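The values are calculated or read from the model by the stated rules, or taken from the named source; none is laboratory data. Computed from a prediction, not measured in an experiment: that's the story for all the values here. No Cβ is skipped: glycine too gets one built from the backbone with ideal geometry, and neighbour counts run over all protein chains shown.
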Amino acid sequence: MDAVRLIAATRYALAHSRAVPDIVAEAWQAQALAEAVGSHLAISGPPEVRTEALGLSEAGGRACGSLHHPALRADGVRAAQLSMIEDPRCALLDLGELLGETGVALVGVAVSAEEALYWQCVEALDAADESGDRVAGILRKLALRERGGVL
């Protein structure tokens, strides 16, 4: 499945999550997507973005490990369905928005969480911020490449 569709499904699920376990699960799904998109671009993306894409994959992977997600829903890990990135620029723009929305949702959870969940949220926020920075870096390199500039 294309990255844009998976990101849209995750944004929808996050927007409609009300309970803390659901929000945390969707934050985990978002970071799993960051990891998968980064891995995909590190392997098959333009050579100019592969290093930054690997960093995105690593940041997403760290966040997945920092959140104790509840038992995954019947549909499992959405990122496992990633088979292509038809439009890398569009996918990265959407992923950046998803990561921002994830950060806002995690702040909402953290403000009323007990200490253990609070610190997990803080770690996940750091990873989402780093993932967002990596997404922005990849987008800059793609834009420069499209304009024929030197990296």
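For Val135, indicate whether it is part of a helix (DSSP H, G or I), loosely packed, with under 13 Cβ neighbours inside 10 Å and at pLDDT 95 or above. Judged against the criteria, Val135 is not a match.
Those residues that are of a type in the set (Ser, Thr, Tyr) and over 17 Å from Glu35 (Cβ atoms), I need them from region 106-151; list them, please. It would help to see each step written out before you state the result.
Here is the first cut: in region 106-151, the residues of a type in the set (Ser, Thr, Tyr) are 112, 118, 131.
Listed by number, the residues that qualify are Ser112, Tyr118.
Restricting attention to region 59-66, does a residue exist that is of a type in the set (Gly, Ala, Ser), modelled with pLDDT of 95 or more and within 12 Å of the chain's Cα centre (by Cα)?
Start the filter on region 59-66 by keeping residues that are of a type in the set (Gly, Ala, Ser), which leaves 59-61, 63, 65-66.
Applying the additional criterion that residues be modelled with pLDDT of 95 or more yields none.
Looking for residues that are of a type in the set (Gly, Ala, Ser), modelled with pLDDT of 95 or more and within 12 Å of the chain's Cα centre (by Cα), one finds none in region 59-66, hence no.
Filtered by the rule that a residue be out of contact with any Leu (no Cβ under 9 Å at 6 or more places or on another chain) and either among the β-branched types (Val, Ile, Thr) or without any contact (Cβ under 8 Å) to a residue 40 or more places away in the chain (or both), region 92-111 gives Gly100, Val104, Val111.
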